Amino acid sequence: RVTDVEYKMIKTCLKKKKNFVVDDTNASLYYRTKMLDYIKQWDDVFIIGVNFNTPVSVCIKRREGQIPAEDIRNMADRMVPISRDEVDDLIEVD
């Protein structure tokens, strides 16, 4: 249901030619590819990807007491950074 709402919001922005941000930090490569393919169907889109290359140790410290360290490590192990061939521009934040 959440994904359906997200796609409706994206579609609204695309129709109105409005800029928008999709912040899906836990998105799988499959999900990201599906979303990018959907967005690329529209005319005049320019997609900027952003990889936040925060060390896992920093993520664990920031979420101490909120999320178990092992859960953060597992998410980091599954994370697939955005590649340059997926988007029109890519920003790497170190």
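Any read-out appearing in this document is the output of simple, stated calculations on the displayed coordinates, not a laboratory observation. Treat the numbers as computed from the prediction; the structure is a model and nothing was measured. Counting neighbours? That spans all protein chains shown, and the Cβs are built from the backbone with ideal geometry, glycine included.
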>> Just to confirm the number: angle between the C-alpha axis of helix 69-78 and the first principal axis of the chain, 0 to 90 degrees, nearest 10?
In response: 40
> Under a 5 Å amide H to amide H cut-off, with H placed in plane at 1.01 Å, what residues pair with Ile47 once short-range neighbours are removed?
Replying inline: Asp88, Asp89
>> Let me confirm the definition first: pairs of Lys residues in the chain, 8 or more apart or on different chains, C-alpha distance under 27 Å. How many are there?
In response: 15
>> To test your reading of the geometry: what angle, between 0 and 90 degrees and rounded to tens, separates the Cα axis of helix 2-15 from the longest principal axis of the chain?
In response: 40
>> Between helix 29-40 and the chain, what is the angle of the helix's C-alpha long axis to the longest principal axis, kept within 0 to 90° and rounded to the nearest 10?
In response: 20
> Å³ per residue of the Cα convex hull, for the chain?
Replying inline: 118
>> Taking 0.36 nm per residue of sequence separation and subtracting the Cα-Cα distance, how much length would be gained by fully extending the chain between Asp37 and Asn19, in nm to one decimal?
In response: 4.8 nm
> Val93 versus Asp44, label points 7 Å from Cα toward the beta carbon: distance in nm?
Replying inline: 2.8
